[in-house]
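Contents: one structure, followed by commentary.
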Amino acid sequence: MQFTPEKYSIPDEPMKPFIDPDEILNYLSKATSTKEKVQEIIAKSLSKKRLNLEEVATLINTNEPELIEEIKNGARNLKKNIYGNRIVLFAPLYIGNKCSNNCTYCGFRSSNFAATRMTLDDKQIFEEIESLEDSGQKRLILVYGEHEQYSPEFIANSVRVAYSVKKGNGEIRRVNINAAPLEIEGFKIIKEAGIGTFQIFQETYFQEAYKTYHIRGRKADFNYRLTSLDRAQEAGIDDVGIGALFGLYDWRFDVMALVRHTNHLEACYNVGPHTISFPRIKDASMLNLGSKYFVNDDDFTKLIAILRLAVPYTGMILTAREPAHLRNEILQYGVSQIDGGTKIELGSYTKTDEKNQDLHKGQFRINDDRSLNEIIDELIEQKMLPSFCTSCYRMGRTGEHFMEFSIPGFIKRFCTPNAILTLAEYLCDYAPQQTADKGWALIEKELHALDDEKIKQTIRERLELIKHGKRDIYF
């Protein structure tokens, strides 16, 4: 898949900064929104073509309620056309909260002396993952503070430990990473451990605002962080995740910058981000920020729908920072991945009866504390298809190869069958009877909707194998 690079005031070159704030602000100040233009842009996105910055700015500047609803409906239709109704599930596992940075919005910051610092050792990681496997998890993202202890070798070791844990039919099939930016050699070390996606968020792309939040530590270097995923690509990690922490600066700017970051990766590496994340500022230990840039629910749902239309092929992650009712709504507008059964205090998954959060032990407050099964049960009720699929990663459909499948929409041929198979595993191994009954009914409905009789028959044969104890079958 070849992308057509767009022309910007700062040319796209590997390993070099690419954000021009004046350029982005100029797009935002000049873009005008009419019904005809908005509908034309939505139609372009529905043809699976990525939007340019001018078009994104037009959607951002759309304020008419009827047109905003058209944007949301467009995002809903695009998600259905590309991803079907499946929702991929994962869990975050915090490995260590030591941090040398002093980010004013984060509970891990070095000046937060109320924080309880902790780093899981191999035994504790093993036990935490056993607990996660007991609930049915198959996909993890390991999270680390930025500290010299969390070296590439340390991270690679924790990845290998995660993959080694097998309990009953439980196993972790994909380990993603959220950690500090590294040099190319460091990324290579972690790649060799078999990771999936490496995720680094810029937090805010507006450099002057960035400086006010990042007081000291390596993270204070805006450009070093901005080019971090270039280094990951240079190291051979072709699945990368970008994101912004909404609430630090004007959401309109950061939405534009996320698209600009996408353009940069496409221009330099012929592959866009595997995922985009959009967490909002939430409570954290000793959090003391003003509310000037906090994003309300209406703007939040709008920006997610715009991002879905802007980058049709990219997975979008919505975290448990958001309450359940809002997550259920936003799932419709293009989100393809959510976490479930989330606990962010270190060592908390082994404490199965504990739901109260200690902000001195976590990075922020989560607002959806449903168990994994509660979330799966509700997804099934909404006719959404829960998925633990890891087939693309394991079949080599990553990076540019993933783009070849996903941009034309062909990924749906793999996603629905694999989602059905991984849901069947969950229903056999972990689901209460009530959830299992609803889940099998949904699977039958999904099979009936398939129009390829050969694939349908193959899925049925593999479902029988799963019912008789076979595991890890995928397309």
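Brief remarks follow.
- Calculated SAXS-style log₁₀ I(q)/I(0) at q = 0.15, 0.25 Å⁻¹ - the range 408-467, Debye, Cα scatterers: -0.43, -1.07
- Placing +1 on the Cβ of every Lys and Arg and -1 on the Cβ of every Asp and Glu, with nothing else charged, gives the range 408-467 a dipole about its Cα centre of roughly 140 debye.
- For the range 47-122 and the range 237-286, distance of Cα centres in Å: 7 Å
- Using θ = phi - 60° and Karplus 6.51 cos²θ - 1.76 cosθ + 1.60, couplings along the range 67-84 (whole Hz; Gly, Pro as x): 6, 4, 5, 5, 4, 5, 5, x, 5, 4, 5, 5, 4, 4, 5, 8, 9, x
- The percentage of C-alpha pairs in the chain whose separation is greater than 32 Å is 37%.
- Measuring r between the beta carbons of Lys383 and Lys292 and using R0 = 30 Å, the FRET efficiency lands at 0.15.
- Label-to-label distance for Ile184 and Ser151 is 2.1 nm, based on points extended 7 Å past Cα in the beta-carbon direction.
- A straight Cα-to-Cα reach below 17 Å connects Lys438 with the aspartates and glutamates Glu374, Asp377, Glu378, Glu381, Glu425, Asp429, Glu446, residues fewer than 8 places away in its own chain not being considered.
- Mean Cβ count within 10 Å, highest first, over the residues of peptides 301-312, 198-209: 301-312, 198-209
- Pairwise centroid distance, computed over Cα atoms, of the range 170-191 with the range 406-475, Å: 29 Å
- Here the range 230-264 is scanned for amide nitrogen atoms under 15 Å from the site 7 Å beyond the Cα of Glu23 along Cα-to-Cβ, giving 256-264.
- Of Gly217, Tyr313, Leu229, farthest towards positive along the dipole that unit charges on Lys, Arg, Asp, Glu beta carbons give the chain: Tyr313
- Here the spin labels are modelled as points 7 Å beyond Cα on the Cα-Cβ line, and at Thr34 and Asn63 they lie 1.9 nm apart.
- Calculated [222 nm] ellipticity per residue, helices only, for the chain: -14000 deg cm²/dmol; basis is -39500 (n - 2.57) per DSSP H run with n ≥ 4, divided by all residues, nearest 500.
- Using C-alpha pairs below 8 Å separated by at least 6 residues, the relative contact order for the chain is 21 percent.
- Long pairs among Lys80/Lys302; Lys72/Lys343; Lys79/Lys302; Lys80/Lys383; Lys302/Lys445; Lys123/Lys219, criterion Cα-Cα beyond 20 Å: Lys72/Lys343; Lys302/Lys445; Lys123/Lys219
- Calculated SAXS-style log₁₀ I(q)/I(0) at q = 0.18, 0.24 Å⁻¹ - the range 103-183, Debye, Cα scatterers: -0.82, -1.16
- Karplus-derived 3J(HN,Hα) values for the range 105-119, using 6.51 cos²θ - 1.76 cosθ + 1.60 with θ = phi - 60°, are 9, 10, x, 7, 4, 5, 7, 8, 6, 7, 5, 8, 7, 7, 9 Hz; glycine and proline are entered as x.
- DSSP beta bridge pairing in the range 84-405, given as percent antiparallel to the nearest 5: 10 percent
- Shown here for the range 116-151: GluC sites (Glu not before Pro) in loop regions (DSSP other than H, G, I, E, B) with at most 14 other Cβ atoms within 10 Å, namely Glu148.
- Working from label points 7 Å from Cα in the Cα-to-Cβ sense, the Asn270 to His468 distance is 4.4 nm.
Bear in mind that the values in this text are calculations on the coordinates, not laboratory data. In this text the structure is predicted, and so the values were computed from the model without any measurement. Cβ sites come from the backbone with ideal geometry, for glycine too, and all protein chains shown count toward neighbours.
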